[in-house]
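Have a look at the structure below, then the notes.
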Amino acid sequence: MLPPARKDYVSVTFGQQSSGGGGGWSYNNSKQWRRRSCWRKWKQLSRLQRSIVLFAVVLLLIFGMSSYPTINQHFRGLVGVDEEREGGAAGLPVPPRVLPEPVKVQPDAPGQKKLPHKRGPPVLQGRQQKRGNTSDPLVVAAVGGGGGGGEEKNDNNKEPNVKGEEPVISWRGAVIEADQPSDDTKAGDNNNNNDKEDSPAYPPKKTPKEIDALRLEAVRESFRHAWRGYKEFAWGHDELRPISKSYGEWFGLGLTLIDALDTMWILGLKEEFAEAREWVNTELSFNKNVDVNLFETTIRILGGLLSTYHLSGDQMFLEKAKDIGLRLMPAFKTPSKIPYSDVNIGKGTAHPPRWTSDSTVAEVTTIQLEFRELSRLTLDMQYQV
């Protein structure tokens, strides 16, 4: 027979020799061990994490250094208030607040005209005189100095006015005379106001129509000022350079002059309009070998000529508009029907802009108004197709 089964046990004990020489494990909380542990954890952090921690520490130091003066001053103020409260609670003498000395109003001379006071309503001044403000503690303190002989000082300091009335002391400590303007004074003031209104320094008020007329004249004068500069330094050219007192050319078609025709007609500047019309009739010619921008030429030259024709009814402006409209039509000869941006009005050729091969849709879609109006006036549908 086999012997009965026997259970075997194996036990393993892990221990650490203590520093005291005894057996077993003991907890070590020495500074050296803690420093090694913190340094090991710091080394385990990534470079980004260590940079973030250092940045936060530096930021906190800067914030603390900048806010230290303010916090220190606030703390000192709170300490001062607490000391004052403790001193009052302990029965220590607190220095009283001294009111300013009353300001006395000098009495007027007998021959000097007295003006009405503007400090307060006369009704309140009369009530203060009747009631007598000497019972007010603030008034007694201001006049009598707060002592027992305040009433005697108040009686001695009172100086009668020319009319025999006593001054009234307000609660602020200032002496105010209680006299009120008489009917004669009010009548004199009204006469003075009427004299001021009639004087040259106070011109009479203008009616709304007169004000509108002055504003219109100011606008006309502003236009005349700009027009004189253009006429003297840039007549017949595209732009005026006011600082250098010269002109600048873009297309060489008198853009400023044509663009201002309808404005001169609306402002009623007949003389300036006649001069500009004469230049358009005799000097303006579109037969030039020059590349022009379709958008700018349409809104400024074609639009300016059409609007001037509608205002004045002069057929010459419509003929000029038809001429420039025909010279701009080659820009629409494209496969997509989207016009080119540049046109040579002398050769009758068109091309895209030099800086790109495409046309700006925002420009070509805003010129429909002028070309459709030209078709309506000339009964030629080629301008709107």
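Selection over region 351-380 of residues that are at pLDDT 90 or above and more than 40 Å from the chain's Cα centre (by Cα) gives a count of 9.
Among the residues of region 370-385, the one identified as of a type in the set (Phe, Trp, Tyr) and either touching a residue at least 60 places away in the same chain (Cβ under 8 Å) or more than 23 Å from Ser285 (Cβ to Cβ) (or both) is Phe371. Within region 291-318, if we keep just the residues that are among the acidic types (Asp, Glu) and out of contact with any Leu (no Cβ under 9 Å at 6 or more places or on another chain), the residue that is farthest from Leu369 (Cα to Cα) turns out to be Asp291. Scanning region 341-369 for residues being under 20 Å from Ser285 (Cα atoms) and not in a loop (DSSP other than H, G, I, E, B) gives a total of 5. Those helices (runs of 4 or more DSSP H) of region 234-340 in which 1 or more residues are basic (Lys, Arg) and open to solvent by less than 60 Å² (accessible area, probe 1.4 Å) occupy 315-328.
The values are calculated or read from the model by the stated rules, or taken from the named source; none is laboratory data. Keep in mind that this is a model prediction, so the values were computed, not measured. Cβ atoms come from the backbone with ideal geometry, glycine included; neighbour counts cover every protein chain shown. Just so you know, the surface numbers come from the protein's heavy atoms only, side chains and all, with ligands and any DNA or RNA stripped out. Shrake-Rupley method; radii C 1.70, N 1.55, O 1.52, S 1.80 Å.
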